[in-house]
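Before any comments, here is the structure.
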Amino acid sequence: MEYIFPIIISATVTIMLFSFMFSIYNIAMYFRTVKEVRRAWYRARARQYFAIVMFAFAINQMMLFKYWYTYVICAILIIFAIANYQYAIRAKRYFESHFAEEDAAWDALKKKQQQKVR
């Protein structure tokens, strides 16, 4: 256990960092995107990665601090992270199904604007 403990802690911290970076990237894409369905999709992806951050953080804290109140707080965090992750997956799937519809609407709008210019 003495050998594996630092590896587990390092792995959870690495997972937290990468998930946090992906979450920030998706939030930035949310602000940069004009299309509403894509914006919602990026927001759902950011929520999904943030749920991974919460889950890894809770596991990390349970490994580091062995007190009963740590386990209670981390259990709440894990439950919230799992619920958040499931919600994000469902939202992502829902918004992905509307990509073609949104792209068609944007293409029609661009054609209409091009005809107006002529």
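The values are calculated or read from the model by the stated rules, or taken from the named source; none is laboratory data. Just so we're clear, the structure is a prediction, and the values are computed from it rather than from any experiment. So basically every Cβ, Gly included, is an ideal-geometry build from the backbone, and we count neighbours across all protein chains shown. Accessible surface areas use protein heavy atoms only, side chains included; no ligands, DNA or RNA. Shrake-Rupley method; radii C 1.70, N 1.55, O 1.52, S 1.80 Å.
If MET54 meets every condition in (1) in a helix (DSSP H, G or I); (2) within 19 Å of SER10 (Cβ to Cβ); (3) open to solvent by 60 Å² or more (accessible area, probe 1.4 Å) apart from one, which number is that one?
Against the list (1) in a helix (DSSP H, G or I); (2) within 19 Å of SER10 (Cβ to Cβ); (3) open to solvent by 60 Å² or more (accessible area, probe 1.4 Å), MET54 comes up short only on (3).
Could we say that TYR30 is among the hydroxyl-bearing types (Ser, Thr, Tyr) and under 22 Å from GLU102 (Cα atoms) here?
The answer is yes for TYR30.
With the checklist (1) farther than 19 Å from ALA11 by Cα; (2) of a type outside the set (Val, Ile, Thr); (3) at pLDDT below 95 in hand, flag the one item GLN61 doesn't pass.
All conditions pass for GLN61, except number (1).
Open to solvent by less than 60 Å² (accessible area, probe 1.4 Å), assigned to a helix (DSSP H, G or I) and either out of contact with any helix residue (DSSP H, G or I) (no Cβ under 7 Å at 6 or more places or on another chain) or of a type outside the set (D, E, K, R) (or both), is that true of GLN48?
Taking the combined requirement at face value, the residue satisfies it.
Answer with yes or no whether SER97 is surrounded by 13 or more Cβ atoms within 10 Å (Cβ to Cβ) and free of Cβ contacts under 8 Å to residues at least 60 places away in the same chain.
no
Can you find even one residue in the stretch 67-83 that is touching a residue at least 60 places away in the same chain (Cβ under 8 Å), more than 20 Å from PRO6 (Cα to Cα) and either assigned to a helix (DSSP H, G or I) or under 20 Å from the mean Cα position of the chain (by Cα) (or both)?
Within the stretch 67-83, none of the residues are touching a residue at least 60 places away in the same chain (Cβ under 8 Å), more than 20 Å from PRO6 (Cα to Cα) and either assigned to a helix (DSSP H, G or I) or under 20 Å from the mean Cα position of the chain (by Cα) (or both).
Need pairs with beta-carbon distance below 8 Å; first residue open to solvent by less than 100 Å² (accessible area, probe 1.4 Å) and within the stretch 26-38, second polar (S, T, N, Q); sequence gap 6+ or separate chains.
As it stands, the answer is none, since no pair meets every condition given.
Can we say ILE59 is over 30 Å from TRP106 (Cβ atoms) and either in contact with a strand residue (DSSP E or B) (Cβ under 8 Å, 6 or more places away or on another chain) or assigned to a helix (DSSP H, G or I) (or both)?
Numbers: over 30 Å from TRP106 (Cβ atoms): yes; either in contact with a strand residue (DSSP E or B) (Cβ under 8 Å, 6 or more places away or on another chain) or assigned to a helix (DSSP H, G or I) (or both): yes.
Against the criterion (over 30 Å from TRP106 (Cβ atoms) and either in contact with a strand residue (DSSP E or B) (Cβ under 8 Å, 6 or more places away or on another chain) or assigned to a helix (DSSP H, G or I) (or both)), ILE59 qualifies.
Can you work out which of the residues in the stretch 72-94 that are loosely packed, with under 13 Cβ neighbours inside 10 Å and among the small types (Gly, Ala, Ser) is nearest to LYS35 (Cα to Cα)?
By that ranking, first place goes to ALA83.
Among the residues of the stretch 105-116, is there at least one that is outside any helix (DSSP H, G or I) and loosely packed, with under 10 Cβ neighbours inside 10 Å?
no
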